[in-house]
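Worksheet: one structure, shown below.
The values are calculated or read from the model by the stated rules, or taken from the named source; none is laboratory data. Worth saying up front: this structure is predicted, and the values here are computed from it rather than measured. Cβ placement follows ideal geometry from the backbone for every residue including glycine, while neighbour counts extend to all protein chains displayed. Keep in mind that these areas ignore ligands, DNA and RNA; they rest on the heavy atoms of the full protein, side chains included. Shrake-Rupley method; radii C 1.70, N 1.55, O 1.52, S 1.80 Å.
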Amino acid sequence: MDDTRTAAAPTAAPAAGPLAGFTVGVTAARRADELIALLRRRGATVVHAPALRIVPLADDSELLDATKELIGCAPDTVVATTAIGFRGWIEAADGWGIGEELLARLRATELLARGPKVKGAVRAAGLVETWSPQSESLAEVLDRMLAGGVAGRRIALQLHGEPLPGFVEALRAGGAEVVVVPVYRWMAPEDLAPMDRLLDAVAGGGLDAVSFTSAPAAASLLSRAEQRGMREAVLAGLRGEVLAACVGPVTALPLQAHGVDTVQPERFRLGPLVQLLCQELPGRARVLPVAGHRVEIRGHAVLVDAELRPVPPAGMALLRALARRPGWVVGRPELLRALPGAGRDEHAVETAMARLRGALGAPNLIQTVVKRGYRLALDAGECVPEG
């Protein structure tokens, strides 16, 4: 038998995705697989660390008592705040054998649904909402209720994992009786190691962005950082090079309360959140014309003429040091200080530089200046002032 094999024709490298070369932390527990798939499809490296876990309260006496209280004494208004929470409430009531009684009570009351997703859950239960805002904003729901007057009204508020003190206090201040319906509770994850690794990466600059899909997840992450004595280091990372991307303004509140700037999509969904990252992260990358090439410096990789070139951490540290003063000579002592854990041997700079040049695939991007150091070979006329 002829065992001769024909060599495959070389193929062009696939175009790098918008998130190629970037590392994104994911704190979600629910729908994490969907978010991770969306990010990876666009080229991102993902670090998954659930910041909380959802504990259903199907056997919880607090939920059972609240449900029986509403069946026995009808509310004037019921506010459904989340789709998963509303479905969980109906399912729990079915499990206790009082599902039909609860649905009958809900059909006879004013039912407010916070946004389209919740409205879908309401209708899937065979109910029709009285009103729902397009904004998915609880603030808009509250404004409508207060504008119509709540004095003397009995209002049931379906919670999902966390209390809503501002909402409840505003209703009670307006004269309403408020019954809270806690369908789920948020708790810290059983395995804290992934979250600890994520915190270390935020503090150490090992991430380009962290995504948050719920306020409790953001609060949990900061709480764990506090427990480990590294809250300030984590906040410094989130205030600096690590982008905090939140699915909506409510999710962003725990971070903003600590002075962290956040970005949010206009539509509070996972898809728009990923698209926002696809815009924000490349926009933060440094792009330089070097030795006739377009060089884009990303989190853990470099695009050289749109071809993705992964670079080791030591090489990225050197490249960033050179890019801070493109075209200018950077001495070996300064480059040595930029290397993580390099000690005092300047030979480490030469070794890391050789690996960096190999990783970039174009050795002429970085020039050696004898007895002085190294410089990026910035194209003529492109040199920027030092400092």
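Take every DSSP beta bridge whose two residues both sit in region 193-311, then give the antiparallel share in percent to the nearest 5. Antiparallel: roughly 65 percent of the beta bridges in region 193-311. Positive-end ranking of L339, G259, M187 along the dipole of the chain, with charges on Cβ about the Cα centre, is headed by L339. Heavy-atom accessible surface of D345, to the nearest 10 Å², is about 90 Å², with a 1.4 Å probe and all protein chains retained. Plainly put, the chain has a radius of gyration that is 1.12 times its Kirkwood radius, both from alpha-carbon atoms, as the Rg/Rh ratio.
Estimated from the Cβ-Cβ distance and a Förster radius of 56 angstrom, the FRET efficiency linking D305 and D143 is about 0.60. Computing FRET efficiency as 1/(1 + (r/R0)^6) for I71 and E241, where r is the C-beta to C-beta distance and R0 is 56 Å, gives about 0.60. Let me make sure I get this right: for region 50-125, a, b and c are the square roots of the gyration tensor eigenvalues over alpha carbons, sorted descending. Under 1.5 in a/c it's rounded, otherwise prolate if a/b > b/c, else oblate. Which is it? The shape class here is oblate. Using Cβ point charges alone (K and R +1, D and E -1), the dipole size of region 166-215 about the Cα centre works out to roughly 200 debye. With the alpha-carbon atoms of region 288-387 aligned to their principal axes, the span from lowest to highest coordinate is 35, 28, 21 Å, starting with the largest. Counting only DSSP beta bridges whose two residues both lie in the chain, roughly 45 percent are antiparallel. Putting +1 on Lys and Arg Cβ atoms and -1 on Asp and Glu Cβ atoms, find which of A359, A233, A173 reaches farthest to the positive end of the dipole of the chain. Most positive-ward Cα: A359.
Computed from point charges on the beta carbon alone (+1 for Lys and Arg, -1 for Asp and Glu), the dipole magnitude for region 221-318 about its Cα centre is near 140 Debye. About its Cα centre, what dipole magnitude does the chain give when the only charges are +1 on Lys and Arg Cβ and -1 on Asp and Glu Cβ, stated in debye to the nearest 20? The calculation lands at about 1200 debye.
Using the Cβ-Cβ distance between E232 and E62 with R0 set to 30 Å, the FRET efficiency from 1/(1 + (r/R0)^6) comes to roughly 0.25.
Annotation: amide H of R153 within the under-5 Å range of E177, sequence separation 5 or more or interchain, hydrogens built in the peptide plane. Taking 7 Å steps out from each Cα toward its Cβ at D191 and D345 produces label points 3.7 nm apart.
Accessible surface for the chain, divided over its residues, is 48 Å² per residue with a 1.4 Å probe. Accessible surface of the chain, 1.4 Å probe: 52 percent of it comes from carbon and sulfur atoms.
Model label points for A285 and R172, set 7 angstrom from Cα along the Cα-to-Cβ axis, are 5.2 nm apart. Helix 215-227 and the longest principal axis of the C-alpha atoms of the chain enclose an angle of approximately 60°. Based on Cα atoms of region 135-242, Rg over Rh with Rh as the Kirkwood radius reads 1.13.
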